[in-house]
Amino acid sequence: MDVAEDIRRIALQEERLQFDRFGLSEAWAVGLALKAVGEAGRLPIVVDIRLATMKLLAFALPGSAPDNFDWARRKRNVVLRFHRSSYAIGLKLALEGRTFADLGALPERDYAAHGGAVPIFVAGTGCVGSVTVSGLPQRDDHRAVVEAMAKVLGRDLSDIALD
């Protein structure tokens, strides 16, 4: 895995995964896509979809744990703070040999730079919320969200998928 290449690909994913609008219908569509993937693979995940601080959709699949919702909260906080995928932030910090402590005032209790939270971008507006998955290895959490969003948007991201 080339960390710099992954960071570049995630930036392109974020750029291409822009919605014209994002409301309850879009949240349901993304949530249903994640539910289908989770059930098909018997994945022990939780899903959390929010517009800023308004919870639109949240659910847990069999095998997930209460801690997964806390991990989702912490990853979501990273997206809302930086308007970038939590995985991209974690990779960038690792590449630079830094932690949240180096950034100051970002307690690990409330922020997790681990993959699984992806910003919801609305064209012409910017980051309006996040879609978060927790329960798998962080790269798989990130991949699940990106694939669900791409499916709903009808976008092919195969050229910038994480290997």
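The numbers here are math on the coordinates, done by the rules we state, and not lab data. Computed from a predicted model, the values in this text were never measured in an experiment. Using ideal geometry, Cβ is built from the backbone for each residue, glycine included, and neighbour counts are taken over all protein chains shown.
Of all the options ALA27, ALA60, ALA40, the one that moves most in a Gaussian network model of the chain with Cα springs shorter than 10 angstrom is ALA40. Phi angles across region 42-51 convert, under the Karplus curve 6.51 cos²θ - 1.76 cosθ + 1.60 with θ = phi - 60°, into 3J(HN,Hα) values of 6, 8, x, 10, 10, 10, 9, 10, 9, 9 Hz, Gly and Pro given as x. Note on the chain: GNM, Cα springs under 10 Å; of ASP67, ASP102, ASP48, the largest mean-square fluctuation is that of ASP102. Estimated at 0.36 nm per residue, the fully extended path between LEU12 and GLU147 surpasses their Cα-Cα distance by 47.2 nm. For the pair ALA40 and LYS55, label points projected 7 Å from Cα toward Cβ lie 2.8 nm apart. Global dimensions of region 25-163 from alpha-carbon coordinates: Rg and Dmax equal 14.2, 41 Å. Projecting label points 7 angstrom from Cα along Cα→Cβ for LEU32 and ASP20 puts them 1.9 nm apart. The GNM of the chain, with springs linking C-alpha atoms under 10 angstrom apart, assigns the highest mean-square fluctuation among ALA112, ALA94, ALA58 to ALA94. Simple spin-label estimate for ASP70 and ARG109 gives 1.1 nm between the two label positions (7 Å along the Cα-to-Cβ direction from each Cα).
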